[in-house]
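Okay, structure first, notes after.
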Amino acid sequence: SSGINAECPLRPGFPDGWISQVTRVYNDKFYIEVEWTVGPIPLDHGREIISRYDTSLSTNKTFYTDSNGRELVERVLNKQPTWDWNVTEPIAGNYYPVNTRATLVDSKKGMQLTVLTDRSQGAASLGEGQVEFMVHRRILKDDYRGVSEPLNETANGQGLIARGKHWLFYSDTLSYHMHRDIGLDMFYKPTVVIGNEGELGVPSWNFFKGSTPASEYLNVVTLQKIPSAENTTSLLVRLENTLPSSEGGKPISVRLDDMFGTPGKWQGYQELGLAADRDIEKVVDYKSHTQYDDTDTTTITLQPFQIRTFVLNFLTNDTENTF
């Protein structure tokens, strides 16, 4: 377990105590954890509450936000890449959706700051070397954006309380994959199962088998038992290469029968589209899609940032008691 090396309450002086923030540094972690609590926001006037991080990085009016936790998209202050923008909303117009992370990059120093979020939030970089996140708001007037009502959500007669965390860390720009590593740790935490002692069957099958090369950038997104034909057990499996080529990602080869089965149990596989609702041949050009695969040895290759979906089939007697 991680021991806390330092814990520092930040800005505790609000007289009515509706904002608090704690910063933690752990002995064996390279990131800083910032935990914030906001609310109920008073009703005296509308407020939008942000958490802003100021750095000495030279960012050239640019920061980066993720797209659904995957690609990082460049965001330039008061500029859009595909049209000439007449800036009428200098603050709101520079806010962008963040699902899991935002980064500041200083190419001259070769350094970057990454901020991971625990939920989707709006973020902006309105000044050099800074990034801010909208963590809570309570608005008492309509913003004239179509809903014709103020943003004044309540529960039990009071405004809502929002709690969350940010994780911050510096890295050099050649180690930008670090945000992928820690992101997987944060967002794919093991599922905790609780039950009566003696009633839970503990799976004995380790799906990593044989000589499959371990890659820290290979992620098992889905491993799910699905309905199958008689005398077979079928597993829905999604595999992801977590690094894009722009961040140094390389192809990853995986032998499916070696990774998920042992001799005598493997019965073959079928590749599906990402949504697992149709055969892959109906989704993409199959020849180009599989040009790096070796189907004779059930070896498939994941290109940088690629996700592929498979149904793996096994003899019933081999797997019926393991899931």
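A few notes on this one:
- In nm, spacing of pseudo-spin labels at Ser245 and Glu71 (7 Å Cα→C-beta vector): 1.3
- Surface per residue (accessible, 1.4 Å probe) for the range 215-275, Å²: 47
- Accessible area of the range 15-143 divided out per residue, in Å², using a probe of 1.4 angstrom: 52
- Compared with the alpha-carbon gap, the fully stretched path from Ser148 to Ser107 is longer by 10.3 nm at 0.36 nm per residue.
- The slack in the chain from Val22 to Asp172, taken as 0.36 nm per residue of separation less the alpha-carbon distance, amounts to 51.4 nm.
- Those aspartates and glutamates that a straight Cα-Cα span of less than 13 Å connects to Lys29, excepting residues fewer than 8 apart in one chain: Asp181, Asp185
- Answer label, with mean projected area of the Cα convex hull in nm² calculated from the coordinates and candidates (i) 16.5; (ii) 18.1; (iii) 23.7: (iii)
- Applying 1/(1 + (r/R0)^6) with R0 = 51 Å to the Cβ-Cβ distance of Lys79 and Asp44 gives a FRET efficiency near 0.90.
- Simple rule: put +1 on each Lys or Arg Cβ and -1 on each Asp or Glu Cβ in the chain, find the dipole, and look at Leu218, Thr55, Tyr144; the Cα lying farthest toward the positive end is Thr55.
- Stretched out straight at 0.36 nm per residue, the stretch from Gln158 to Ile307 would grow longer than its current Cα-Cα span by 49.2 nm.
- Rounded to 10°, Cα long-axis angle of helix 178-187 versus longest principal axis of the chain: 80
- Each of Thr88 and Ser228 was given a label point 7 Å from its Cα along the Cα-to-Cβ line. The distance between the two points is 5.9 nm.
- Label point distance in nm, Asp118-Asp277, each placed 7 Å from Cα along Cα→Cβ: 3.4
- Using a probe radius of 1.4 angstrom, the carbon and sulfur fraction of the accessible surface of the chain is 49%.
The values are calculated or read from the model by the stated rules, or taken from the named source; none is laboratory data. In this text the structure is predicted, and so the values were computed from the model without any measurement. Virtual Cβ from ideal backbone geometry, glycine too; neighbours counted across all protein chains shown. Surface areas here come from the heavy atoms of the whole protein model, side chains and all, with no ligands, DNA or RNA. Shrake-Rupley method; radii C 1.70, N 1.55, O 1.52, S 1.80 Å.
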